[in-house]
Amino acid sequence: MIRRLTGEDRELYIEMAQEFYHSDAVLHPVPESYIEATADEALRSDAYTKIYMIEWEGEPAGYAVTARSFSQEAGGYVIWLEELYIREAFRSKGLGREFFTWIEETEERGAARLRLEVEAGNTRAISLYERLGYKVLDYVQMIKEL
């Protein structure tokens, strides 16, 4: 089952996000205050971000975080998959694929594009994304922390 984050899920989400940020799927951890701020923003409004809880047979199996932007290049709004985390015990059960199908067919039906980033060494995730039709962009991504 996939559902939106509620206030009762906040601590569980923070726990799972800490697991994610201490895994090989990311380059480095982020401060817990960033995770808390994301949870609080998602609970306050869905203008910038949404958090989804993913369950397997009633058990918390993972979560996903999305963000929205508008893209002239895409001709509409873009859903960024910021994070998709499935706990180790629940992997290989089709939950990642289920999330992508659900987000495309239900939650973000009017989006022009779905976009994501993946750590180059996360071959398992890359394989899933390629099977789902995602393509590698030939962009160099740059950031400036403010």
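Here are the numbers for the structure shown:
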| quantity | calculated |
| --- | --- |
| Single residue of Ile54, Ile126 found to be touching a Leu at 6+ places or on another chain (Cβ under 6 Å) and among the aliphatic types (A, V, I, L, M) | Ile54 |
| Conditions (1) open to solvent by 60 Å² or more (accessible area, probe 1.4 Å); (2) at pLDDT below 95: number failed by Glu107 | (1) |
| Tyr85 being closer than 16 Å to Glu108 by Cβ, assigned to a strand (DSSP E or B) and in contact (Cβ under 8 Å) with a residue 24 or more places away in the chain | no |
| Where Lys93 falls short, out of the listed (1) modelled with pLDDT under 95; (2) part of a loop (DSSP other than H, G, I, E, B); (3) not hydrophobic (A, V, I, L, M, F, W, C) | (1) |
| Scope the stretch 2-28; condition more than 28 Å from Glu105 (Cα to Cα), open to solvent by 70 Å² or more (accessible area, probe 1.4 Å) and not in a helix (DSSP H, G or I); matching residues | His22, Asp24, Leu27, His28 |
| Residue list for the stretch 90-101, filter: in contact with a strand residue (DSSP E or B) (Cβ under 8 Å, 6 or more places away or on another chain) and open to solvent by 20 Å² or more (accessible area, probe 1.4 Å) | Phe90, Lys93, Glu98 |
| Every residue from the stretch 46-75 that is in contact with a strand residue (DSSP E or B) (Cβ under 7 Å, 6 or more places away or on another chain) and open to solvent by 10 Å² or more (accessible area, probe 1.4 Å) | Tyr48, Thr49, Lys50, Glu55, Pro60, Ala67, Arg68, Ser69, Phe70, Ser71, Ala74 |
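The values are calculated or read from the model by the stated rules, or taken from the named source; none is laboratory data. Small disclaimer: the values here were computed from a predicted structure and weren't measured. Virtual Cβ from ideal backbone geometry, glycine too; neighbours counted across all protein chains shown. Keep in mind that these areas ignore ligands, DNA and RNA; they rest on the heavy atoms of the full protein, side chains included. Shrake-Rupley method; radii C 1.70, N 1.55, O 1.52, S 1.80 Å.
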